[in-house]
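The values are calculated or read from the model by the stated rules, or taken from the named source; none is laboratory data. Computed from a prediction, not measured in an experiment: that's the story for all the values here. Positions of Cβ are generated from backbone atoms using ideal geometry, with glycine treated the same way; all protein chains shown enter the neighbour counts. Just the protein is used for accessible areas: all its heavy atoms, side chains included, with ligands, DNA and RNA removed. Shrake-Rupley method; radii C 1.70, N 1.55, O 1.52, S 1.80 Å.
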Amino acid sequence: MEFEEYVSARGQELVRLGFTVSGDYQRAEDLAQIALMQAYRSWRKVRKADDPHNYVRRILVNEYLSMTRRRSFSEAPTAEIDPRWTVPDPANDIANSDDLWRALATLSARERVVLVLRYYQDLDDRTIADVLGIKPSSVRATASRALASLRETRHSNRVDERLS
C-alpha cells in the first residue's frame, strides 16, 4: 500500500481517534497530521509492519500522551475572539452536551486512551498494550480504575441532581 492510499483510507479515522482521546477537534487534526508526517518519514518501515494502521495509531497515541505532559497543553488563550470570524461547529454542541464526554474528560490521559481504544476502536487488551508499550495486565488495571472512576462520577452526578 502506498502512503497516499493509506491517507485516503485511514486519514479521517485517525482524526476521529484524535478527537476521541483529546476532545478538541483542532488538536485532533494536529495529532493526525503529526502521526501521518512521522509515518511518512519512515513509510518503508511502517509498510513492512504486521499492521501498518496499528503502527500509525501508536504514533498518534504516543504523541497525544507526550502532548499532555507538556506545560503548554493546559494553557488556553484568554483573548476573546470576535464571533463574526468564527463558524459554529454543530459537532461541538453534541460533544459538549454529552454527559459521557464530560465524564471522560475527568480521567487521566492514559485512562481515557485505554477506554477509547478498548470501546471506541474495539481493540483487545494485547493490541492496546502494543499501542501503549505496556503489558496487557496494565491495560486491564488502567481500564478497571477508569471505569470505577466513571461509575463514581456518575453516582456523584446523581447525588448532585437530587440535591438541586
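Observations
- Which numbered condition Glu80 fails, given (1) at pLDDT 90 or above; (2) part of a loop (DSSP other than H, G, I, E, B): (1)
- Asp24 being closer than 27 Å to Ala103 by Cα and open to solvent by less than 70 Å² (accessible area, probe 1.4 Å): yes
- Set Arg118, Arg71: member being closer than 27 Å to Arg10 by Cα, among the basic types (Lys, Arg) and modelled with pLDDT of 65 or more: Arg118
- Test result for Ser156, out of contact with any strand residue (DSSP E or B) (no Cβ under 9 Å at 6 or more places or on another chain) and at pLDDT 90 or above: no
- Selection within region 106-148 - assigned to a helix (DSSP H, G or I), open to solvent by 60 Å² or more (accessible area, probe 1.4 Å) and in contact (Cβ under 8 Å) with a residue 40 or more places away in the chain: Arg110, Tyr120, Asp130
- Restricting attention to region 26-55, the residues being β-branched (Val, Ile, Thr) and within 17 Å of Arg16 (Cβ to Cβ) number 1.
- When each of Met1, Met37 is tested for being in a helix (DSSP H, G or I), of a type in the set (A, V, I, L, M, F, W, C), open to solvent by 80 Å² or more (accessible area, probe 1.4 Å) and more than 23 Å from Tyr119 (Cβ to Cβ), the lone residue that passes is Met37.
- Number of residues in region 40-72 that are closer than 16 Å to Val7 by Cβ and buried (at least 19 other Cβ atoms within 10 Å of the Cβ): the value is 6.
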